[in-house]
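I have placed the structure first, in the form of C-alpha coordinates, so that the comments after it can refer back to it.
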Amino acid sequence: MKSPLLSLPGAVPAEGRDEGVAAHYGDLFREQRALADGSGLVDLSHRGVVTVTGSDRLAWLHLLITQHVSELAPGRATESLILTANGHIEHALYLVDDGETVWMHVEPGTQGELIAYLESMKFFYRVEVADRTEDFAVVYLPAGSIAEVPDGATVRETPYGRDLFLPREGLEAFAAAHGPAAGVLAYEALRVEGHRPRLGFETDHRTIPHELGWIGTAVHLQKGCYRGQETVARVQNLGKPPRRLVFLHLDGSEVLLPGHGTPVRLAADGAEGRQLGFITTSARHHELGPIALALVKRNVAVDAELLAGDTAAAQETVVEP
(Lines give C-alpha, C1' and ligand atoms only; values in the text may rest on other atoms or scores of the structure.)
Protein backbone atom coordinates (compact mmCIF):
# COMPACT_ATOMS: atom_id res chain seq x y z
CA MET A 1 0.00 0.00 0.00
CA LYS A 2 1.72 3.17 -1.25
CA SER A 3 1.64 6.11 1.15
CA PRO A 4 0.44 9.52 -0.08
CA LEU A 5 3.36 11.05 1.86
CA LEU A 6 5.69 9.75 -0.86
CA SER A 7 4.54 12.81 -2.81
CA LEU A 8 6.18 15.16 -0.29
CA PRO A 9 9.25 17.09 -1.50
CA GLY A 10 12.47 15.08 -1.29
CA ALA A 11 10.78 11.76 -0.53
CA VAL A 12 12.88 8.73 -1.47
CA PRO A 13 10.95 5.44 -1.39
CA ALA A 14 12.07 2.72 0.99
CA GLU A 15 12.81 -0.75 -0.30
CA GLY A 16 12.37 -4.29 0.95
CA ARG A 17 10.19 -4.83 4.02
CA ASP A 18 9.46 -1.09 4.30
CA GLU A 19 8.39 -0.59 0.70
CA GLY A 20 5.43 1.76 0.43
CA VAL A 21 6.69 4.57 2.67
CA ALA A 22 9.63 6.96 2.52
CA ALA A 23 13.15 5.91 3.46
CA HIS A 24 13.99 9.58 3.95
CA TYR A 25 13.04 13.06 2.75
CA GLY A 26 16.46 14.25 1.70
CA ASP A 27 18.32 14.75 4.99
CA LEU A 28 18.68 11.62 7.12
CA PHE A 29 20.52 13.23 10.04
CA ARG A 30 18.24 16.27 10.22
CA GLU A 31 15.28 13.89 10.38
CA GLN A 32 16.92 11.89 13.18
CA ARG A 33 17.71 15.02 15.18
CA ALA A 34 14.12 16.22 14.84
CA LEU A 35 12.80 12.92 16.20
CA ALA A 36 15.36 12.92 19.03
CA ASP A 37 14.18 16.44 19.95
CA GLY A 38 10.53 15.35 20.06
CA SER A 39 9.32 16.90 16.83
CA GLY A 40 8.05 15.54 13.53
CA LEU A 41 6.50 12.17 12.75
CA VAL A 42 7.25 8.92 10.94
CA ASP A 43 4.90 7.46 8.37
CA LEU A 44 4.46 3.75 9.21
CA SER A 45 1.30 3.38 7.15
CA HIS A 46 2.68 0.25 5.46
CA ARG A 47 2.34 -1.73 8.70
CA GLY A 48 -0.57 -4.11 9.18
CA VAL A 49 -3.43 -3.09 11.50
CA VAL A 50 -5.55 -5.78 13.16
CA THR A 51 -8.39 -5.32 15.66
CA VAL A 52 -10.11 -7.71 18.04
CA THR A 53 -13.55 -6.85 19.43
CA GLY A 54 -16.04 -8.69 21.63
CA SER A 55 -16.54 -9.21 25.33
CA ASP A 56 -14.03 -12.11 25.49
CA ARG A 57 -11.25 -10.34 23.56
CA LEU A 58 -8.74 -9.94 26.41
CA ALA A 59 -9.37 -13.32 28.05
CA TRP A 60 -9.10 -15.01 24.65
CA LEU A 61 -5.90 -13.24 23.58
CA HIS A 62 -4.40 -14.01 26.99
CA LEU A 63 -4.52 -17.72 26.09
CA LEU A 64 -2.77 -17.26 22.74
CA ILE A 65 0.00 -14.72 23.21
CA THR A 66 3.06 -14.43 25.45
CA GLN A 67 1.96 -11.33 27.34
CA HIS A 68 -0.42 -11.08 30.33
CA VAL A 69 -3.41 -9.19 28.93
CA SER A 70 -6.46 -10.64 30.68
CA GLU A 71 -6.67 -7.50 32.83
CA LEU A 72 -5.06 -5.02 30.44
CA ALA A 73 -6.28 -1.54 31.38
CA PRO A 74 -7.72 0.70 28.65
CA GLY A 75 -5.02 2.88 27.14
CA ARG A 76 -2.11 0.85 28.49
CA ALA A 77 0.32 -0.15 25.72
CA THR A 78 2.04 -3.50 25.64
CA GLU A 79 3.79 -5.78 23.18
CA SER A 80 3.62 -9.51 22.77
CA LEU A 81 4.66 -12.45 20.63
CA ILE A 82 3.07 -15.49 19.09
CA LEU A 83 5.37 -18.49 19.13
CA THR A 84 5.49 -21.78 17.29
CA ALA A 85 5.01 -25.03 19.20
CA ASN A 86 8.81 -25.16 19.55
CA GLY A 87 9.00 -21.67 21.04
CA HIS A 88 10.31 -19.87 17.96
CA ILE A 89 9.03 -16.35 17.29
CA GLU A 90 6.33 -16.23 14.62
CA HIS A 91 4.61 -12.85 15.13
CA ALA A 92 5.32 -9.66 17.08
CA LEU A 93 2.29 -7.65 18.16
CA TYR A 94 2.17 -4.05 19.40
CA LEU A 95 -1.12 -3.66 21.26
CA VAL A 96 -3.42 -1.31 23.10
CA ASP A 97 -7.03 -1.74 24.26
CA ASP A 98 -9.37 1.26 24.12
CA GLY A 99 -12.01 -0.27 26.37
CA GLU A 100 -13.95 -1.84 23.50
CA THR A 101 -11.35 -2.91 20.94
CA VAL A 102 -7.82 -4.28 21.00
CA TRP A 103 -5.75 -2.51 18.38
CA MET A 104 -2.45 -3.97 17.19
CA HIS A 105 0.05 -3.22 14.49
CA VAL A 106 2.31 -5.83 12.97
CA GLU A 107 5.03 -6.18 10.35
CA PRO A 108 3.98 -5.24 6.81
CA GLY A 109 2.34 -8.14 5.01
CA THR A 110 2.09 -10.43 8.05
CA GLN A 111 -1.46 -9.55 9.06
CA GLY A 112 -3.01 -12.16 6.78
CA GLU A 113 -1.18 -15.08 8.39
CA LEU A 114 -1.80 -13.64 11.85
CA ILE A 115 -5.55 -13.31 11.23
CA ALA A 116 -5.73 -16.84 9.82
CA TYR A 117 -4.16 -18.18 13.02
CA LEU A 118 -6.42 -16.12 15.27
CA GLU A 119 -9.52 -17.19 13.35
CA SER A 120 -8.53 -20.83 13.74
CA MET A 121 -8.43 -20.38 17.53
CA LYS A 122 -11.77 -18.62 18.09
CA PHE A 123 -13.79 -21.73 19.08
CA PHE A 124 -16.71 -20.62 21.27
CA TYR A 125 -15.21 -17.27 22.35
CA ARG A 126 -17.16 -14.08 21.67
CA VAL A 127 -14.60 -12.27 19.56
CA GLU A 128 -14.31 -10.77 16.10
CA VAL A 129 -10.99 -10.33 14.32
CA ALA A 130 -10.63 -7.78 11.50
CA ASP A 131 -7.96 -6.51 9.13
CA ARG A 132 -8.16 -2.70 9.33
CA THR A 133 -5.03 -1.95 7.30
CA GLU A 134 -6.98 -0.34 4.46
CA ASP A 135 -8.81 1.96 6.87
CA PHE A 136 -6.11 2.95 9.38
CA ALA A 137 -2.52 4.09 9.06
CA VAL A 138 0.11 3.80 11.79
CA VAL A 139 1.97 7.04 12.51
CA TYR A 140 4.82 7.37 15.02
CA LEU A 141 5.22 10.49 17.16
CA PRO A 142 8.50 10.70 19.10
CA ALA A 143 8.71 11.02 22.88
CA GLY A 144 8.14 14.65 23.83
CA SER A 145 5.89 15.41 20.87
CA ILE A 146 3.10 17.88 21.64
CA ALA A 147 1.04 16.96 18.58
CA GLU A 148 -2.66 16.71 19.33
CA VAL A 149 -4.37 13.41 18.61
CA PRO A 150 -7.21 13.93 16.13
CA ASP A 151 -10.73 12.57 16.59
CA GLY A 152 -11.08 8.97 15.48
CA ALA A 153 -7.47 8.03 16.24
CA THR A 154 -6.34 5.54 18.88
CA VAL A 155 -3.10 6.13 20.80
CA ARG A 156 -0.56 3.55 21.88
CA GLU A 157 1.86 5.37 24.21
CA THR A 158 5.28 3.90 24.99
CA PRO A 159 8.44 5.20 26.72
CA TYR A 160 9.99 5.96 23.32
CA GLY A 161 6.99 7.64 21.67
CA ARG A 162 3.38 7.29 20.58
CA ASP A 163 1.91 5.10 17.87
CA LEU A 164 -1.29 6.47 16.38
CA PHE A 165 -3.88 4.34 14.62
CA LEU A 166 -5.04 7.16 12.38
CA PRO A 167 -7.93 7.04 9.88
CA ARG A 168 -6.10 6.69 6.59
CA GLU A 169 -7.99 9.51 4.88
CA GLY A 170 -6.59 11.94 7.48
CA LEU A 171 -2.92 11.00 7.02
CA GLU A 172 -1.93 13.84 4.67
CA ALA A 173 -3.66 16.54 6.72
CA PHE A 174 -2.12 15.25 9.96
CA ALA A 175 1.37 15.21 8.41
CA ALA A 176 0.91 18.75 7.11
CA ALA A 177 -0.11 19.96 10.56
CA HIS A 178 2.44 18.06 12.65
CA GLY A 179 5.48 17.52 10.42
CA PRO A 180 8.18 17.57 9.35
CA ALA A 181 7.98 13.97 8.23
CA ALA A 182 10.97 11.72 8.88
CA GLY A 183 11.67 8.54 6.96
CA VAL A 184 11.94 4.99 8.22
CA LEU A 185 15.77 5.13 8.07
CA ALA A 186 15.72 7.74 10.84
CA TYR A 187 13.22 5.66 12.82
CA GLU A 188 15.36 2.54 12.36
CA ALA A 189 18.52 4.31 13.51
CA LEU A 190 16.81 5.29 16.76
CA ARG A 191 15.42 1.76 17.11
CA VAL A 192 18.91 0.30 16.81
CA GLU A 193 20.22 2.84 19.32
CA GLY A 194 17.45 1.75 21.70
CA HIS A 195 18.33 -1.97 21.26
CA ARG A 196 14.75 -2.72 20.20
CA PRO A 197 14.42 -5.93 18.15
CA ARG A 198 12.23 -6.18 15.08
CA LEU A 199 10.59 -9.26 13.62
CA GLY A 200 12.24 -10.36 10.38
CA PHE A 201 15.38 -8.36 11.09
CA GLU A 202 16.61 -9.57 14.48
CA THR A 203 14.71 -12.86 14.06
CA ASP A 204 15.09 -15.90 11.86
CA HIS A 205 13.24 -19.23 11.76
CA ARG A 206 14.79 -20.43 15.04
CA THR A 207 14.91 -17.30 17.20
CA ILE A 208 13.54 -17.62 20.74
CA PRO A 209 12.54 -14.61 22.89
CA HIS A 210 15.46 -14.93 25.36
CA GLU A 211 18.00 -14.26 22.62
CA LEU A 212 16.66 -10.76 21.92
CA GLY A 213 15.80 -9.47 25.37
CA TRP A 214 12.08 -9.80 24.72
CA ILE A 215 11.68 -11.54 28.07
CA GLY A 216 9.98 -9.03 30.35
CA THR A 217 8.85 -6.61 27.66
CA ALA A 218 6.93 -9.03 25.43
CA VAL A 219 6.87 -12.26 27.48
CA HIS A 220 5.26 -12.58 30.90
CA LEU A 221 6.96 -15.35 32.87
CA GLN A 222 4.14 -15.85 35.37
CA LYS A 223 1.58 -17.11 32.88
CA GLY A 224 1.28 -20.26 30.83
CA CYS A 225 -1.14 -21.86 28.39
CA TYR A 226 0.17 -20.23 25.22
CA ARG A 227 1.80 -22.16 22.40
CA GLY A 228 5.57 -22.47 22.90
CA GLN A 229 5.40 -21.74 26.63
CA GLU A 230 7.25 -24.94 27.49
CA THR A 231 10.36 -23.79 25.63
CA VAL A 232 10.24 -20.36 27.30
CA ALA A 233 10.00 -21.93 30.77
CA ARG A 234 12.69 -24.53 30.10
CA VAL A 235 15.24 -22.00 28.86
CA GLN A 236 14.38 -19.58 31.65
CA ASN A 237 14.67 -22.15 34.44
CA LEU A 238 17.19 -24.72 33.24
CA GLY A 239 19.22 -23.48 30.31
CA LYS A 240 20.73 -20.59 28.45
CA PRO A 241 19.78 -19.30 24.99
CA PRO A 242 22.19 -20.38 22.24
CA ARG A 243 22.58 -16.84 20.90
CA ARG A 244 22.42 -13.28 22.22
CA LEU A 245 21.75 -9.83 20.80
CA VAL A 246 24.62 -7.32 20.83
CA PHE A 247 24.92 -3.66 19.87
CA LEU A 248 27.89 -2.77 17.66
CA HIS A 249 29.83 0.43 17.06
CA LEU A 250 31.14 0.09 13.52
CA ASP A 251 34.33 1.51 12.07
CA GLY A 252 33.30 4.87 10.63
CA SER A 253 35.94 4.87 7.90
CA GLU A 254 34.00 2.31 5.86
CA VAL A 255 31.79 3.76 3.13
CA LEU A 256 29.21 0.95 3.04
CA LEU A 257 27.25 -0.40 5.97
CA PRO A 258 27.28 -4.18 6.44
CA GLY A 259 23.87 -5.43 5.37
CA HIS A 260 21.49 -7.85 7.02
CA GLY A 261 23.08 -11.29 7.21
CA THR A 262 26.69 -10.08 7.01
CA PRO A 263 28.86 -12.62 8.90
CA VAL A 264 30.30 -11.59 12.28
CA ARG A 265 33.66 -13.05 13.29
CA LEU A 266 36.38 -12.45 15.86
CA ALA A 267 38.71 -9.67 14.73
CA ALA A 268 41.68 -11.77 15.85
CA ASP A 269 40.69 -14.49 13.36
CA GLY A 270 40.35 -12.13 10.41
CA ALA A 271 37.82 -12.14 7.61
CA GLU A 272 38.38 -15.87 6.97
CA GLY A 273 37.72 -16.89 10.57
CA ARG A 274 34.80 -18.94 11.84
CA GLN A 275 31.43 -17.20 11.66
CA LEU A 276 30.03 -16.48 15.12
CA GLY A 277 26.88 -14.60 14.17
CA PHE A 278 25.42 -12.13 11.71
CA ILE A 279 24.34 -8.52 11.37
CA THR A 280 20.61 -8.07 11.83
CA THR A 281 20.19 -4.29 11.30
CA SER A 282 22.74 -1.56 10.56
CA ALA A 283 22.18 2.19 10.50
CA ARG A 284 23.88 5.58 10.36
CA HIS A 285 23.22 7.51 13.55
CA HIS A 286 23.41 11.30 13.78
CA GLU A 287 25.61 11.16 16.92
CA LEU A 288 27.00 7.63 17.22
CA GLY A 289 27.99 7.17 13.58
CA PRO A 290 27.56 3.73 11.98
CA ILE A 291 25.92 1.27 14.39
CA ALA A 292 24.31 -2.14 14.19
CA LEU A 293 22.56 -4.92 16.03
CA ALA A 294 23.86 -8.45 15.64
CA LEU A 295 22.98 -11.92 16.83
CA VAL A 296 26.05 -13.85 18.01
CA LYS A 297 26.76 -17.12 19.77
CA ARG A 298 26.22 -16.94 23.52
CA ASN A 299 29.81 -17.86 24.36
CA VAL A 300 31.37 -14.94 22.43
CA ALA A 301 33.28 -12.94 25.06
CA VAL A 302 31.54 -9.66 25.89
CA ASP A 303 34.79 -7.72 25.38
CA ALA A 304 35.84 -9.44 22.14
CA GLU A 305 36.67 -7.21 19.19
CA LEU A 306 34.61 -8.30 16.20
CA LEU A 307 34.50 -8.02 12.43
CA ALA A 308 31.24 -7.45 10.56
CA GLY A 309 32.30 -8.60 7.11
CA ASP A 310 35.46 -6.49 6.69
CA THR A 311 34.34 -3.77 9.12
CA ALA A 312 35.80 -3.56 12.63
CA ALA A 313 33.14 -3.57 15.35
CA ALA A 314 33.18 -2.97 19.12
CA GLN A 315 30.32 -4.56 21.00
CA GLU A 316 28.04 -3.53 23.85
CA THR A 317 26.03 -6.15 25.71
CA VAL A 318 22.27 -6.19 25.15
CA VAL A 319 21.51 -9.72 26.34
CA GLU A 320 23.79 -11.09 29.04
CA PRO A 321 25.55 -14.35 28.13
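The values are calculated or read from the model by the stated rules, or taken from the named source; none is laboratory data. Note that the structure is a prediction, hence the values are computed from the model and not measured. With ideal geometry, Cβ positions are generated from the backbone for all residues, glycine too; neighbour counts draw on all protein chains shown.
Listing for the model above:
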| quantity | calculated |
| --- | --- |
| Any hit, the stretch 85-98, residues being among the polar types (S, T, N, Q) and either under 21 Å from Tyr187 (Cα atoms) or touching a Phe, Trp or Tyr at 6+ places or on another chain (Cβ under 9 Å) (or both) | no |
| Selection status of His91, of a type outside the set (Lys, Arg), in contact with a Leu (Cβ under 8 Å, 6 or more places away or on another chain) and either assigned to a strand (DSSP E or B) or in contact (Cβ under 8 Å) with a residue 24 or more places away in the chain (or both) | yes |
| Count of the stretch 85-113 residues which are surrounded by fewer than 21 Cβ atoms within 10 Å (Cβ to Cβ) and more than 15 Å from the chain's Cα centre (by Cα) | 9 |
| Filtered residue count, the stretch 23-61, keeping only those that are of a type outside the set (A, V, I, L, M, F, W, C) and either touching a helix residue (DSSP H, G or I) at 6+ places or on another chain (Cβ under 7 Å) or crowded, with 20+ Cβ neighbours inside 10 Å (or both) | 12 |
| Single condition Ala77 does not satisfy, out of (1) among the aliphatic types (A, V, I, L, M); (2) surrounded by fewer than 20 Cβ atoms within 10 Å (Cβ to Cβ); (3) more than 18 Å from Thr217 (Cβ to Cβ) | (3) |
| Residue, farthest from Arg30 (Cα to Cα), within the stretch 275-320, restricted to residues that are out of contact with any Gly (no Cβ under 9 Å at 6 or more places or on another chain) and among the β-branched types (Val, Ile, Thr) | Val302 |
| Residue check, Asp98 without any contact (Cβ under 8 Å) to a residue 12 or more places away in the chain and under 30 Å from Asp37 (Cβ atoms) | no |
| Selected residue (only one of Gly16, Gly38, Gly10, Gly26 is of a type in the set (Gly, Ala, Ser) and in contact (Cβ under 8 Å) with a residue 60 or more places away in the chain) | Gly38 |
| Residues located in the stretch 144-159, provided they are within 22 Å of the chain's Cα centre (by Cα) and surrounded by fewer than 14 Cβ atoms within 10 Å (Cβ to Cβ) | Gly144, Pro159 |
| Candidate set: the stretch 199-240, residues that are of a type in the set (S, T, N, Q) and crowded, with 19+ Cβ neighbours inside 10 Å; chosen: the one farthest from Thr280 (Cα to Cα) | Thr231 |
| From Ala301, Ala283, Ala268, residue being surrounded by 15 or more Cβ atoms within 10 Å (Cβ to Cβ), out of contact with any Phe, Trp or Tyr (no Cβ under 6 Å at 6 or more places or on another chain) and either at pLDDT below 95 or hydrophobic (A, V, I, L, M, F, W, C) (or both) | Ala283 |
